[in-house]
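*Asks:* Pasting a structure here, questions to come.
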Amino acid sequence: MPRRALTAGLLMILGLLLAAAPALAFPNISGHWTGAWSCDSLPCKGKKGPMTADFKQKEDGTLTGAATMTGLSESGTGCVLEHSSIIGERAIIGLQCGIYRLSLNGLLENGALRGTFDGGSLGSGMYRIERTGK
């Protein structure tokens with residue numbers, strides 16, 4: 001009897017894990033994204049502009065790519081993706097933009113990635129981008 005109970009318990013756990021597998025998968029955010037950003041803290045408070053990003057997602061869920069936040073700084077806003085973490089529908093992305101580092105913390109929802117950015121000495125604010133191409 002104990003062996004059957006153990007086997008039944010293991011099968012139940014396996015079933016639960018298999019049922020949860022889709023929820024554990026990384027959402028694919030590869031592609032070309034366009035949208036906008038707006039700044040709500042000094043020194044960029046009141047500024048806003050277009051934003052684009054090109055992401056390629058690896059099998060482990062990490063990203064490579066680049067982004068542009070036009071008008072955020074006078075020295076240019078072309079950014080290279082430094083690091084990323086995709087956890088469920090949450091995306092945490094680190095960008096190197098010339099001498100500045102930006103951190104994006106976003107939520108993937110209904111085909112859009114929206115959230116906040118922190119640019120350190122540039123200021124912080126919000127962004128929203130939608131996938132417009134592969």
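*Asks:* Would you mind giving the three semi-axes, in whole Å and largest first, of the ellipsoid equivalent to region 63-134 according to its Cα gyration tensor? Show your work: numbers first, answer last.
*Replies:* Details: eigenvalues 79, 31, 30 Å².
After diagonalising the Cα gyration tensor, the semi-axes are 20, 12, 12 Å.
*Asks:* Place a +1 charge on the Cβ of each Lys and Arg in region 68-134 and a -1 charge on the Cβ of each Asp and Glu, then give the dipole magnitude about the Cα centre in debye, rounded to the nearest 20. List each step's numbers first, then the result.
*Replies:* Numbers: 6 positive and 6 negative charges, 30 e Å.
In total the dipole reaches around 140 debye.
*Asks:* Measure off 7 Å from each Cα along the Cα-to-Cβ vector at T116 and A36, then give the distance between these two points in nanometres to one decimal.
*Replies:* 2.1 nm
*Asks:* Quick one: order R101, R131 by neighbouring beta-carbon count within 10 Å, fewest to most. Walk me through the numbers before you get to the answer.
*Replies:* Working: R101 16, R131 19.
Lowest to highest Cβ neighbour count: R101, R131.
Just so you know, all these numbers are worked out from the coordinates, no wet-lab data involved. None of these values were measured; they are calculated from a predicted model. Counting neighbours? That spans all protein chains shown, and the Cβs are built from the backbone with ideal geometry, glycine included.
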